[in-house]
Each structure stands twice: as C-alpha cells, then as structure tokens.
Amino acid sequence: MDRREIAALLAYIGRLDPRSIRTDEGEARDQLAQWNELLGDVPIATPHGWDARAAARQHYRTSPYQIQPADVVRPWENYRRNRLALHSDPTPSADPDDQAAWTAELVGTRHAVANGIAQPAQARAITSGQEEINPRLQARLEQIGSCIPPAARAALAPFRPARAAREAAVAQGQPDALSVRCEWCLAPVGEPCRRRRIGPNDGVRAITPRATPHPGRVDLAARQAQHTEQAQQPALA
C-alpha cells in the first residue's frame, strides 16, 4: 500500500471504530507514517480474495480492542501461506539448461501466487475430473493409457516377464490370473506364481517366480470373472 491507500484504510477503520481517529494533525501524521512503515508491502486488495478492509472488519467482529498494524499483517501472512500450500509448481517454459531463467520463472510464479496475482496451480486437478482437462493433455493420456509409455513398457518387458505376461493376457481379453490367489503354490493376489526347487532330501531348496501363472490359477480367475459378469447383469423379468 502507498500512503494514499493507507490513508483510505485508516479512514475506513475510523468509521468502524471512532477511537482510532486522530484529531491532532501531528498524531495523524505519525499514525500514517507508522502504518506506512509496517504495511508498505501489504496490498490494499488483490484480484483473488485478499482485502485489507475485510481484514480490519473481521478484527472488529471478533475483538473489542483497537486495531493495530499487526492485525492486518497477520491475516495477510496467513493468506500468503495458505495459497502457497495449495500451489504445485508447474514446469517452467524456460530452457532447463538456463538455470537462471528456470529459477527466475519458478520464483516469479510463486511470488504471483503468494501475492494473490495468480491462482495456485494444483496438480491434483489434472485428473480429478472436476476441472476441464487441456485437450493436448487429454490426447496424451489417451495415447499413453498409463503412467508408463508403451515404448518404455516394451523395453521393460524382458526384465519383468511375469508382469509382461499378465499385461499381454489382459490385452487379449483373457482373465487376470493374478487377481486371485493361486491354490497350487499359494501365491497371494497380485504376486506371480512360484516354482519350488526340491533337493535330494525332498526339502525345498529355492522358490523362484514363474513367468506364467499355474493353469489352475488361470481357470480360477476365469470362473471368478464369469461369476462377476453374471452378477452384474440385470435380472431378467
């Protein structure tokens, strides 16, 4: 706020609380100088929700004491803190190799959000379904289908054969065998089937994961999927 805005704020406060009015010219000048010193970096209002007059009004709604500059600064700091807590830094448009420009854009965005000039960017709103998704982002999500792009998924397939076999089966319309517990090797839901290596004394020497599930587990998953599908069908009259 500049001196004119602070004078207008003090005039508004005077209408709310006549006790704050300074009739002596010297006292009024000292009061204006004090508030200008303490509120020089606090705006009178912002495009997104902050108004120093509302803060003064709220003070007199909840307190019988005369307002002090701190009673306006404190809500302003809370306003800034709350907005930054809602903000998720978007990727700057600057060249990432230009560290100075990259940092400057991040700082500028945070400063604009904290000071009520721009709205917080919330990453959760991208997939929440409550906000309209950018058409380019929507097209990209439809192309990828998951957080792992198809090219990366194909490159990872040799290193996780059980997961690759599961995804291939689901893609072909077959039941997800890992959605049920294996009754043969007792592998829990979501875990691949296991192969036991038996030693000469009939003891288990090692247990290694199988790339493909046991046939009984596949049949069990198919029966369960069929049962679920039948249960979801509307009853015939």
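The values are calculated or read from the model by the stated rules, or taken from the named source; none is laboratory data. All values reported here derive from a predicted model rather than from experimental measurement. Don't worry about glycine lacking a Cβ; one is built from the backbone with ideal geometry, like all the others, and counts go over all protein chains shown. These accessible areas exclude ligands, DNA and RNA; they are computed on the full protein's heavy atoms, side chains included. Shrake-Rupley method; radii C 1.70, N 1.55, O 1.52, S 1.80 Å.
Here are some notes:
- Count of the range 156-176 residues, restricted to those that are within 20 Å of residue 225 (Cα to Cα), surrounded by fewer than 15 Cβ atoms within 10 Å (Cβ to Cβ) and either modelled with pLDDT of 80 or more or among the hydroxyl-bearing types (Ser, Thr, Tyr) (or both), is 1.
- Qualifying residue in the range 76-87 (condition: without any contact (Cβ under 8 Å) to a residue 12 or more places away in the chain and more than 19 Å from the chain's Cα centre (by Cα)): yes
- Answer residue from the range 27-64, given it is of a type in the set (Phe, Trp, Tyr) and closer than 17 Å to residue 15 by Cβ and is nearest to the chain's Cα centre (by Cα) among those: 60
- Residue that is modelled with the lowest pLDDT, among those in the range 69-126 that are of a type in the set (Val, Ile, Thr) and surrounded by fewer than 16 Cβ atoms within 10 Å (Cβ to Cβ): 126
- For the range 35-46, a residue qualifies if it is open to solvent by less than 90 Å² (accessible area, probe 1.4 Å) and over 16 Å from residue 75 (Cβ atoms), and the qualifying residues are 36, 40.
- When residue 96 is tested against (1) over 22 Å from residue 10 (Cα atoms); (2) in a helix (DSSP H, G or I); (3) not polar (S, T, N, Q), exactly one condition is not met: (2).
- Matching residues, the range 25-49, being in contact (Cβ under 8 Å) with a residue 24 or more places away in the chain, assigned to a helix (DSSP H, G or I) and of a type in the set (A, V, I, L, M): 32, 38, 39
- In the range 189-207, residue least open to solvent (accessible area, probe 1.4 Å) [restricted to those that are at pLDDT 80 or above and not acidic (Asp, Glu)]: 193
- For residue 12, the conditions (1) open to solvent by less than 20 Å² (accessible area, probe 1.4 Å); (2) at pLDDT 95 or above are fulfilled apart from (1).
- Any chance residue 22 is farther than 17 Å from residue 70 by Cα and part of a loop (DSSP other than H, G, I, E, B): yes
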